[in-house]
Amino acid sequence: NKKCHEVSDELGQLDAIAGDGDHGIGMTRGAQAAAKAAQHYAQSGAGAGATLIAASDAWSDQAGGTSGIIWGILLKEIGKIFGNEQQPDVRAVEKAIREATSAVTSFGKAKLGDKTLADVLIPFSEKLSELVNTKNTQVSISEVWKEASLTADDAAQATAELLPKIGRARPHAEKSLGHQDPGAKSLAIII
């Protein structure tokens, strides 16, 4: 939430290169609404799944646009996998991210190289799965998350060399060359 607010202008400027420039504002609104909903549900004693599903609805409602929908799908899928009965362990987190990645890419039809959020989400998910599957199952969530987040950062930076192949930035593809995709960058920041 705080990080989205701090980079809102930067994300908006990236979005303005080949879009309408509202990505930073939408991400900030979505993150704030999601944090507020999650806090309310958690304080009411809701489980992890219900808390994330409430956050997903709030994010989607307040962020608007395609990014709002995608973030709603992402958080909702994670919430479904987590459920409400147990504290999520590292295997549940890995599975949730993998399933959420599948749901998001199915919805948007984006694949690697399209210069979208998928260019971060897919490699992050794959790295997280690799780490969880090769390390001891007692490894901490924060340890594998932190290591996989480096992959997300690198992937977001690499989108600067891509041309958009789908979405609203496609008609202005050449303008975006040399600049990171705002959706990819915001996802890497949040990860």
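The values are calculated or read from the model by the stated rules, or taken from the named source; none is laboratory data. The model shown is predicted, which means the values in this text are computed figures rather than measured ones. Cβ sites come from the backbone with ideal geometry, for glycine too, and all protein chains shown count toward neighbours.
Within region 156-191, the set of residues being among the hydrophobic types (A, V, I, L, M, F, W, C), surrounded by fewer than 23 Cβ atoms within 10 Å (Cβ to Cβ) and at pLDDT 75 or above comprises ALA158, ALA160, LEU162, LEU163, LEU177, ILE189, ILE190, ILE191.
Output the residues belonging to region 72-89 that are modelled with pLDDT of 95 or more and either among the charged types (D, E, K, R) or buried (at least 21 other Cβ atoms within 10 Å of the Cβ) (or both). Scanning region 72-89 gives GLY72, LEU74, LEU75, LYS76, GLU77, ILE78, GLY79, LYS80, PHE82.
Does ASP22 meet the test of being modelled with pLDDT under 95, surrounded by fewer than 20 Cβ atoms within 10 Å (Cβ to Cβ) and among the acidic types (Asp, Glu)? Judged against the criteria, ASP22 is a match. Please go through region 104-125 and pick out each residue that is surrounded by fewer than 17 Cβ atoms within 10 Å (Cβ to Cβ) and in a helix (DSSP H, G or I). If the condition is that a residue be surrounded by fewer than 17 Cβ atoms within 10 Å (Cβ to Cβ) and in a helix (DSSP H, G or I), then SER106, PHE107 are the ones that fit.
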